[in-house]
Amino acid sequence: MIGEMTHLGSVMAAVMFVWAIFRQLFPDEFRRDVRKYVNKVVSYVYPYVEITFHEYQVDSWFERSKAFESIERYLSTNSSKRAQRLKANVIKDSESVVLSMDENEEVTDEFNGIQIWWTSSKKIPQQRALFSYRGDEENRYYKLICRREHRDIITNVYMKHVLDEGKAIAVRTRQRKLYTNNKSENWYGYKRTMWSHIIFEHPSTFDTLAMDPKKKKEILNDLMMFSKSKDYYKKVGKSWKRGYLLYGPPGTGKSSMIAAMANLLEYDIYDLELTSVKDNTDLRKLLIGTSSKSIIVIEDIDCSLDLTGQRKEKKKEESKDDKDPVQKKAEEEVGDKKKKGSEVTLSGLLNFIDGLWSACGSERLIVFTTNYVEKLDPALIRRGRMDKHIEMSYCCYETFKVLANNYLDVESHELFETISRMLGETKMTPADVAESLMPKSDEDSAEVCLNKLIKSLEDAKEEARLKAIEDAKAEEEASKKKEENFEKVQESDAKLTDEGVDKVQVSDAKENGVNV
Ligand SMILES: Nc1ncnc2c1ncn2[C@@H]1O[C@H](COP(=O)(O)OP(=O)(O)OP(=O)(O)O)[C@@H](O)[C@H]1O
Ligand SMILES: [Mg+2]
């Protein structure tokens, strides 16, 4: 190719030379006509087609062209081994350095037996712009050269292959992000955005997550199935998303499970703080601002908003009329303050999960966590909205074994039996078990840590016993009080009835004309 092109190059140089002299001698119109013919002749002689892809397109000087980025990724993995001079770039959102061809390098690619040549060059503008948004004005571009007879297959099939591959490589090497929503009032103005993010680097995985292995396997299968079911969701007419409700006491691994899910599926996380959202419209805007391949999380959904309370408040309002006006005003002020925090309603949230707008974007998980599942409105967690309910519970023996393996690298030990028995008798969260198992100094052996756990299990058991006694006492006192009250009420009722009877008797006597 290079030899062929050199030959062509010298022909072109001769043509250009003649052209330059020609320009000096002949008027404009004549030159234009001649140029047309020269182009025709050149295109007849030159058996190649050239397509260029610029880094910045004329209509968007701020953003690198997506096609250019994809080609860069594609060439970096498919051809960089063959190019001799490479350039290392640290590209935004990428985990690793991207190697690309240096300027004026050439690499060859092959597609279905067709040869394609790629070269990389840059164009430096003759005049420097006075006012520039980007640091440098040079515009790099890739040039694709192929034989003319392959033009159709290259533009229709090969280019699609390059762009798709490039995108797939970008997804594989991208850095994942953890987003959180900004307060609604901070959305406007220069550089303000709805979502802020940091790089997501949580180490939790399904291997380190301690829970019943059967349950874990079921969740893993469910997630894997979901991520592969694009066509299935399309077939059944559902948007490609799935809701998970994680519930259980604090410290049982709900947040760790979300991180493990994101790491497994390589999704971004959008941690949605409902109390910062002004109203339902803003909630919808946030939803539109999320990308595909993501998990939208609302933690502690029962505390985020008084979603069930809003219905009750309405009822209260109805009976407000017969109240003292001063008290009424004070209550209204409190209500206004509450509303200023967030006006998101239950129906707004339901729409967010499965309304029409939720179909924008795809491949998304919506996860709610709560400590009190019974507090939630049934509409919010019905199947179809929250498809899978997962209970994260206190530490059982199976959970402990995973933690012991993670924290101490032990799979079995003579103390395991005692621990197994004690876990059956005492409720302890995986977070507390993990804390006891963690070595506190270099000298702490596995045995020391396991003994520490036994000690804290004993303490927890004793604490639970004392608490049970206290609770029983409190309950006894309460029922005693109740009984006493009941007796008092009965006594006063009896008194009233007696008096009532007397009165009735007196009035009866009066009616009958008897003097009392
Ligand atoms: N099932 C578990 N497997 C592994 N580690 C766990 C598990 N549960 C808790 N932990 C450990 O305890 C810590 C707290 O767990 P996590 O934050 O996931 O609890 P949570 O259920 O989200 O609690 P909360 O309801 O208070 O938000 C974690 O950092 C993790 O190390
Ligand atoms: Mg949590």
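The values are calculated or read from the model by the stated rules, or taken from the named source; none is laboratory data. Keep in mind that this is a model prediction, so the values were computed, not measured. Here the Cβ is made from the backbone with ideal geometry for all residues, glycine too, and neighbour counts use every protein chain on show. Accessible surface areas use protein heavy atoms only, side chains included; no ligands, DNA or RNA. Shrake-Rupley method; radii C 1.70, N 1.55, O 1.52, S 1.80 Å.
Checking the condition assigned to a helix (DSSP H, G or I), away from ligand 1 (no atom under 16 Å from the Cβ) and open to solvent by 50 Å² or more (accessible area, probe 1.4 Å), which residue from GLU398, GLU374, GLU458 passes?
On the way: GLU398 fails: away from ligand 1 (no atom under 16 Å from the Cβ); GLU374 fails: away from ligand 1 (no atom under 16 Å from the Cβ).
Within the list GLU398, GLU374, GLU458, the selection yields GLU458.
Select from region 360-386 the residues that are closer than 19 Å to LEU286 by Cβ and among the polar types (S, T, N, Q) and write down the one among them that is farthest from ligand 2 (Cβ to nearest atom).
Out of the qualifying residues, it is SER362.
When you go through SER256, SER347, SER304, SER292 one by one, which is the residue that is modelled with pLDDT of 90 or more and among the small types (Gly, Ala, Ser)?
Numbers: SER347 fails: modelled with pLDDT of 90 or more; SER304 fails: modelled with pLDDT of 90 or more; SER292 fails: modelled with pLDDT of 90 or more.
Every option except SER256 fails the conditions.
For region 168-212, how many residues meet the condition of being within 16 Å of ligand 2 (Cβ to nearest atom) and under 19 Å from LEU265 (Cβ atoms)? Lay out the reasoning, then the answer.
Within region 168-212, the first condition is being within 16 Å of ligand 2 (Cβ to nearest atom), and the residues that meet it are 178, 180, 200, 202-204, 208-211.
Going one step further and asking which of them are under 19 Å from LEU265 (Cβ atoms), we end up with 178, 200, 202-204, 208-209, 211.
Residues meeting the conditions: 8.
I'm told GLU201 meets every condition in (1) at pLDDT 90 or above; (2) of a type in the set (Asp, Glu); (3) within 16 Å of the chain's Cα centre (by Cα) except one. Can you identify the failing condition by its number?
All conditions pass for GLU201, except number (1).
Could you pull out the residue among SER76, SER100 that is at pLDDT 75 or above and in contact with a Ser or Thr (Cβ under 8 Å, 6 or more places away or on another chain)?
Working: SER100 fails: at pLDDT 75 or above.
Only one candidate passes the filter, namely SER76.
Looking at GLU411 and the list (1) surrounded by fewer than 16 Cβ atoms within 10 Å (Cβ to Cβ); (2) more than 37 Å from the chain's Cα centre (by Cα); (3) not hydroxyl-bearing (Ser, Thr, Tyr), which single condition is not satisfied?
Condition not satisfied by GLU411: (2).
Return yes or no: is MET422 surrounded by 15 or more Cβ atoms within 10 Å (Cβ to Cβ) and either assigned to a loop (DSSP other than H, G, I, E, B) or within 16 Å of ligand 1 (Cβ to nearest atom) (or both)? Let's see the steps before the verdict.
On the way: surrounded by 15 or more Cβ atoms within 10 Å (Cβ to Cβ): yes; either assigned to a loop (DSSP other than H, G, I, E, B) or within 16 Å of ligand 1 (Cβ to nearest atom) (or both): no.
No: the conditions fail for MET422.
Which pairs do you get when a residue that is at negative phi, found in region 239-266, comes within reach of a residue that is basic (Lys, Arg) and within 14 Å of ligand 2 (Cβ to nearest atom), reach meaning Cβ atoms under 7 angstrom, with the pair 6+ apart or on two chains?
LEU246/LYS254
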